[in-house]
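Structure record follows, encoded as structure tokens.
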Amino acid sequence: MLRITRLAATFGAMTMALGMAACGGDDKGSDSGSTSTAKSGIVEKAASSKKLTIGVKADQPGLGLQTGSTYTGYDIEIGKLIAKGLGVDESGITWKTTVSANREPYIQQGQVDIVVATYSITDDRKKKVNFGGPYYIAGQDLLVPAASTITGPDQLAGKKVCSVSGSTPAKKIQTDYKTAQLQQFDSYSKCVTALAGGQVDAVTTDDIILAGYASQDQYAGKFKVVGKPFSTELYGIGIKKEDTAGCNKINDILKAAAADGSYKKAWDDALGKSGKAAPELDASKLTNCS
């Protein structure tokens, strides 16, 4: 009986080991499948499902602004343009609100397929995600009243300039234009309100954000973007780090859109009222996706 019991125990142990090995094989197959899915990228997803989830801002007039369930702005138009190039109709797009802090996590976790949200391409971010574009090259600029004689940052001495507390544009005024009188609020909308009321002489942040405020109906014709940027920000389209094919496809779509006029139309539809001329796509600055 003892020998039979030992044999049974040995057989049971072997069975358990084989079962665990089989489970290990399944896990490996599952991981492989997940990796394959992750590496399939936006081109394959768009082709198979005809759907895309696009991360955008919801609080930037003229760029990404949510009103009810509707999103409008330049980034929204660029998102539609990319989706169309991938074969996805506007009805197949799900817009998902993103903020600056969650753009990389949303891409990495698969909560969004791409992010179009005034998303500057930086070396640090490129360690986590890939970027198509840039679709726009922004620069810190000035928003001033339409009748203002300010033509650039060199004329800010003694002028009241508004920006957001702790922001990069505010810091640049503090360090590079120390004779300006910097006023800081917690939002650009408050700065614009102060500009409209004559409490400040200029508002400073990225030119395209300023153009967004200038394009609002209540401000149309009242403000102008000076058009003399004094920094450089490359706005890209974020996707998963490993999706090289998707990155290359985005760049191809942008080049085609520049050639057929739809790139300019995206600007005109969203920011035409700002008075700022539509940009030209600089294909030489498109990212190296490899």
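Derivation of every value follows stated rules applied to the coordinates shown; laboratory data play no part. What you see is a predicted model; the values in this text were computed from it and never measured. Positions of Cβ are backbone-derived with ideal geometry, glycine not excepted, and every protein chain shown enters the neighbour counts.
Some values worked out for this structure:
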read-out: Under-5 Å amide H pairs with I114, H placed in peptide plane, nonlocal only; value: T53, G55
read-out: Among beta bridges that DSSP assigns inside the chain, antiparallel share in %, nearest 5; value: 60
read-out: Kirkwood-based shape ratio for the chain, expressed as Rg/Rh from alpha carbons; value: 1.19
read-out: Residue-count net charge about P169 - beta-carbon cut-off 13 Å; Lys, Arg +1, Asp, Glu -1; value: -3
read-out: The range 161-290 pair-distance distribution - Cα-Cα, 10 Å bins, rounded %; value: 11, 34, 30, 21, 5, 0
read-out: Full-extension gain in nm, T122 to K178, via 0.36 nm per residue minus C-alpha separation; value: 17.5 nm
read-out: Residues T193 and S284, FRET efficiency given R0 of 45 Å [Cβ-Cβ distance, rounded to 0.05]; value: 0.70
read-out: Per-selection Kirkwood Rh - the range 140-225 (Cα, Å, 1 d.p.); value: 12.4
read-out: Other-chain or far-sequence residues with amide H under 5 Å of K159's (modelled H); value: Q181
read-out: Amide hydrogen neighbours beyond the local backbone of E233, cut-off 5 Å, H modeled; value: A138, G139
read-out: Once the Cα gyration tensor of the range 188-253 is diagonalised, semi-axes √(5λ) in Å; value: 34, 12, 11
read-out: Summed side-chain charge close to V129 - residues other than V129 whose Cβ falls under 14 Å, Lys, Arg +1, Asp, Glu -1; value: +1
read-out: Dipole magnitude (debye, nearest 20) for the chain, charges at Cβ of Lys, Arg, Asp, Glu; value: 500
read-out: GNM flexibility winner over the chain from K80, K127, K159 (Cα, springs under 10 Å); value: K127
read-out: Distance from the range 98-121 to the range 260-287 (C-alpha centre basis), Å; value: 22
read-out: Alpha-carbon centroid distance for the pair the range 139-153 / the range 165-195, whole angstrom; value: 14
